[in-house]
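As structure tokens, the structure follows; a few thoughts come after it.
Taken together, the values in this text are just the output of simple stated rules run on the coordinates, not laboratory data. Computed from a predicted structure; not experimentally measured. All Cβ positions, glycine included, derive from the backbone under ideal geometry; neighbour counts span all protein chains shown.
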Amino acid sequence: MPKAPASPSPSPVPGQGSHQGGSGSVTMAMVARRAGVSTQTVSNALNTPDLLRPETLERVRQAVDEMGYRPHRAARSLRTRASRLIGFGIEPAGPGNVVLDRFLHALSETADAAGYRLLLFAARPGLPGLGPYEELLSEHGVDAFVLSGTEHGDPRQAWLEERGIPFVAFGRMWCEHEVGDWVDVDGAAGTEAAVAKLASEGHRNIGFLGWPPGSGVGDDRAAGWQRALRTYDALLPGHRADSVEEVDAATAAALPLLDAGVTAVVAASDTLALGCHRAIRERGGTPGRDVSVVGFDDSTVAPLLNPGLASVAQPLDAVGREAMRLLLARMADPAKPPERVLLPPALVLRASLGSAPG
């Protein structure tokens, strides 16, 4: 994980700005002194240039260029709400972001109804850097951000909080000291429900195929499986295998579970479940008849498999609407206490979940 960013310098007041250079922060007052004018004249040059005489405007612009001054558009937009833009970073497909279409649609729809538009931008895979967020604030003056793909050590929440930029996260911070508003899906409740259904079908040896430990989302889903094993006395101690989010790797990881005699596998994602589905086939078995498989996310591929893949579905429409509700409330009242919402998922039954053999 990247090191936490150093404590930021205080943000300039709305309508001013800054530029980090070898001599420190360049402010509007410094530009005014260089040009021999008032700070109000510099503000007019930047915002209402028609009010100035051509020679004064040219003198101010020359000082701006020479000093590398950049207006702090984030501060202006937060004061005036002029941009009506909400930033959302899109990462390459990976754990937790392969099923965001419905979330984004609900988010956009709710934002549109309130007079805002989503501004999508590319974000780096893994723990996100702050560069794109700085650029969006300075160049486009976005009003707020929606975050996703939250992980341990994620610097974005604290960085935005320190600057007074409204935000909401789809996902918890996965640490003791949380910051800001979030909405998330109760992954532990989802895997626990899957184990409960398998136990009701007579399964006693229920394994888990997860991501390597350290992922907040993955650890949460594994915790639900473990909690369910403790709840049902008749269940055997569970066998666990880990895999990266790739079908081939998941297929290889599932084989030791089959060797251990599991009659059912709960997976942390549909991608991992697809690998298990394939492993059962490679051993000459049929998912749901010989070994049951349950995925997570109810992706578009789940009903297309043969037999269809049972999966835990996230209420992504509700997540999108709830996230935008929290964000709009935060923008309306920046001082209100943080609000956190945990939504329950739902188990979608298909043929890959069957009764225990024998």
Most fluctuating of Leu136, Leu52, Leu107 in the GNM of the chain (C-alpha, under 10 Å) is Leu52
If the chain between Arg204 and Leu255 were fully extended at 0.36 nm per residue, the gain over the current Cα-Cα distance would be 16.5 nm
The chain: relative contact order from alpha carbon pairs under 8 Å, six or more residues apart, as a whole percent, is 16 percent
Mean separation of Cα contacts under 8 Å (at least 6 apart) over the residue count of the stretch 249-358, i.e. the relative contact order in percent, is 29 percent
Rounded to one decimal in nm, the spacing of the 7 Å Cα→Cβ label points at Asp50 and Ala113 is 3.8 nm
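So for Arg33, Arg350, fewest C-beta neighbours within 10 Å to most, what's the order?
Arg33, Arg350
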The answer for the net charge of residues other than Ala106 whose Cβ lies under 13 angstrom from its Cβ, with Lys and Arg +1 and Asp and Glu -1, is -2
Relative contact order of the stretch 20-71 (C-alpha contacts under 8 Å, at least 6 apart) in percent is 38 percent
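For the chain, rounded, prolate or oblate, judged on the Cα gyration tensor with a ≥ b ≥ c (square roots of eigenvalues), a/c < 1.5 rounded, else prolate if a/b > b/c?
It comes out prolate by the Cα gyration axes.
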Most exposed first, judged by fewest Cβ atoms within 10 angstrom, Arg230, Arg34 run Arg230, Arg34
Rounded to the nearest 5, the percent of DSSP beta bridges in the chain running antiparallel is 15 percent
Residue separation between Glu139 and Glu282 times 0.36 nm, minus their alpha-carbon distance, gives in nm 46.1 nm
Most exposed to least, judged by fewest other Cβ atoms within 10 Å, Cys175, Cys276 sort to Cys175, Cys276
So for the stretch 204-286, using the alpha carbon gyration tensor with a ≥ b ≥ c as root eigenvalues (a/c under 1.5 gives rounded; past that, a/b versus b/c decides prolate or oblate), I'd call it oblate
Ordering 109-121, 262-274 by per-residue average of other C-beta atoms within 10 angstrom, highest first, gives 262-274, 109-121
In nanometres, the difference between 0.36 nm per residue of separation and the alpha-carbon distance of Thr39 and Ala196 is 49.8 nm
